[in-house]
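The values are calculated or read from the model by the stated rules, or taken from the named source; none is laboratory data. Remember, it's a predicted structure, so these values are computed and weren't measured experimentally. Every residue, glycine as well, gets a Cβ built from its backbone with ideal geometry; the counts of neighbours run over all protein chains shown. With ligands, DNA and RNA removed, areas are computed over all heavy atoms of the protein, side chains included. Shrake-Rupley method; radii C 1.70, N 1.55, O 1.52, S 1.80 Å.
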Amino acid sequence: MLIVGGGIVGLATALALTERYPHLRVLLCEKEDRWAAHQTGRNSGVIHAGIYYRPGSLKATMARAGSRSMVAFCQAHGIAHDLCGKLIVATTPAELPRLHALLERAQANGLPARLVDPAEIREREPYVQAVAAIFSPTTGIVDYRLVAERMAQLLAERGVELRLQTRVEQISEHARGVRVETNAGAFEADHLINCAGLHSDRVARMAGLHTGMRIIPFRGEYYELVPERRHLVRGLIYPVPNPAFPFLGVHFTRMIDGSVHAGPNAVLALKREGYHKLAFNLRDSAEVLSYPAFWHLARKYLGEGSKEMLRSASKTLFVRSMQRLIPSIRAQDVVPTHAGVRAQALMADGQLQDDFVIIHSTRSTHVCNAPSPAATAALEIGAAIVERLPPLGQGLETRK
């Protein structure tokens, strides 16, 4: 078995393989020189409960189960984490209908979320100004890079062949398996699993799969509270999601190291791994701008998308969005920090793919859409992939 991608989903899938098929030879290839270099290592570190997702969807069921399995993994391996809970706050009466609808969705997903009044909001987050909120007690925080590194250690102990700086360049399926050409040589395997994240659509195309979707990269930029103002945030504070935009909005996250991050916005990245405002890649940009579905998407979200771009260019506007939740925040209280890039699948008809997408073919399996909450749900995604693999015999080999 050959797995492409050393983020948390690829690592968790390899773990599931070694547990289900302990005699199977597994090779995991990662093009970077470290694990969790992209989405896994650059997200907000939240263990999501699954409040936002459509009941019955993979995101909803896997986030709920994943919040338990991820916490159990951290407990078993001594990884620092905190089930600190999350407040989703309505700052005006106009937001109350959306807040109540979100509570109904949380209850439909079987979550112990509940409505809290302004007095309890002040008790939990004294600097938040809100008329009501949802409290989610099963939301937490963790450093997913540490989780990924522990997974890699476990895989090495189990005999998995781990290869960093190994970039997949060509894939060809044949009657007996699949051949994968890389910058470090060619490998033959019985089956390939594509967990390549920001490049998952390209790997799928290399394998001859037509998915009907393309990865569009959205950069999320963050600010960080200066140390002397971290007391303004005790845990996780989120706005009520805007139904006119498919992202959660600027929120506050107390990280496991005690720092507090505010963000992200969501702007088109002109490079799939473009973590800076001026990052540009000709191939990546051309693939987005030549994709007719992107222009359908751009027209649909023109208003909200323009606001996101302005917020990216203006610290004043970014801070103003923070002040909706915590009015006492000032520009001097925050400094720029890291950015991440979300791999979001866009369908050919211009619709954003709302759920996880895992596609199986005869000799390969492809995780074609796994944005947030994929880190939370990584162990569940890995288990589901392995459960749906074709029957595997004992002693299968990966041959160089």
Only helices counted: for the chain, with every DSSP H run of 4 or more residues adding -39500 (n - 2.57) and the sum spread over all residues, [θ] at 222 nm is -9500 deg cm²/dmol
Expressed as a whole-number percentage, the relative contact order of the chain with C-alpha contacts under 8 angstrom and at least six residues apart is 26
When the charge dipole of region 231-379 is computed with +1 at the Cβ of Lys and Arg and -1 at the Cβ of Asp and Glu, the Cα pointing farthest to the positive end, of Thr362, Pro241, Val334, is that of Val334
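Can you tell me the relative contact order of region 223-293? Whole percent, Cα pairs under 8 Å, sequence separation 6 or more. Before the final figure, lay out the partial values.
Numbers: 82 pairs, mean separation 16.2, N = 71.
23 percent.
Can you tell me the order of 7-13, 348-354, 42-48 when each peptide is scored by its average per-residue count of other Cβ atoms within 10 angstrom, highest first? Walk me through the numbers on the way to the answer.
Details: 7-13: 29.1, 348-354: 15.3, 42-48: 23.4.
Highest to lowest by the protection proxy: 7-13, 42-48, 348-354.
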A correct Karplus calculation of ³J(HN,Hα) over region 32-45, with 6.51 cos²θ - 1.76 cosθ + 1.60, θ = phi - 60°, whole Hz and x for Gly and Pro, returns 7, 8, 7, 7, 6, 7, 10, 4, 4, x, 10, 9, 7, x
Here the gain from full extension of Gln351 to Glu120, 0.36 nm per residue of separation minus their alpha-carbon distance, amounts to 79.3 nm
For Arg20 and Arg158, extending 7 Å from Cα along the Cα-Cβ vector and measuring point to point gives, in nm, a value of 1.1
Under the 7 Å Cα-to-Cβ spin-label approximation, Ala331 and Ala76 lie apart by a distance in nanometres of 5.0
Rounded to one decimal in nm, the spacing of the 7 Å Cα→Cβ label points at Leu96 and Arg176 is 7.1
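With +1 on each Lys and Arg Cβ and -1 on each Asp and Glu Cβ, how big is the dipole of the chain about its Cα centre, in debye rounded to the nearest 20? Write down the numbers at each step before the final one.
Numbers: 47 positive and 37 negative charges, 103 e Å.
The dipole magnitude comes to about 500 debye.
In Å², what does the accessible area per residue of the chain work out to with a 1.4 Å probe? If you can, show how the numbers build up before the last one.
Numbers: 16840 Å² over 400 residues.
On a per-residue basis, 42 Å².
Taking 60 Å as R0, compute the FRET efficiency from the Cβ-Cβ separation of Lys307 and Glu188 and round it to 0.05. Before the final figure, lay out each step's value.
Details: r = 50 Å, r/R0 = 0.84.
Computed FRET efficiency for Lys307 and Glu188: 0.75.
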For Lys86, the lysines lying under 24 Å Cα to Cα, once residues fewer than eight places off in the same chain are dropped, come out as Lys59
With 0.36 nm assigned to each residue of separation and the Cα-Cα distance removed, Phe245 to Thr362 gains 38.4 nm
Whole-percent carbon and sulfur contribution to the accessible surface of region 202-311 (1.4 Å, no ligands, DNA or RNA) stands at 62
So the FRET efficiency between Leu83 and Arg388, C-beta based with R0 = 45 Å and rounded to 0.05, is 0.90
In Å, the Kirkwood estimate of hydrodynamic radius for the chain over Cα pairs equals 21.8
Once the in-chain neighbours fewer than 8 apart are removed, the lysines whose Cα is under 19 Å from Lys315 read Lys277, Lys307
Over its alpha-carbon atoms, region 98-138 yields an Rg and a Dmax in Å of 10.6, 31
